[in-house]
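What follows is calculated from the coordinates using simple rules that are stated; it is not laboratory data. Being a predicted model, the structure only gives us computed values, none of them experimental. Cβ atoms come from the backbone with ideal geometry, glycine included; neighbour counts cover every protein chain shown.
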C-alpha cells in the first residue's frame, strides 16, 4: 500500500526514518534482473542508483485503520525504541549552513 492509497482510504499513517542509503551495502547485485519483477517494482528499480542515492533516508510507513492514530503512534514509538542508539540521526538546522 502506498502513501497515496492510505490517504484515499482515510487510513491513519505515519512514516518513521530508519536508516540511510549506503552506496556500498545497498548496491544491487550484478545478477539482479528487474525483468522478473512486476510493473510497479520494475518502475521503482529503473530509477534506483545506490551511488546517487547515498545518504538519503530509508523509512518505514506504519498504516492503521481509520481513527487509530494512537495505535500507529504506539507502533512507531516501539520501532524507534527498538533502534536504540542506532536510531536515525536527524539533521539539525545548524547542518544547513
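In this simple spin-label approximation, residue 65 and residue 50 carry label points 7 Å from Cα along the Cα→Cβ vector, and these lie 4.0 nm apart.
What number in nm² do you get for the chain if you take the convex hull of its Cα atoms and divide its surface by four?
The orientation-averaged projected area of the Cα hull of the chain comes to 8.9 nm².
Each Cα pair under 8 Å and six or more residues apart adds its sequence gap; the mean of these over the residue count of region 3-92 is a relative contact order of 44 percent.
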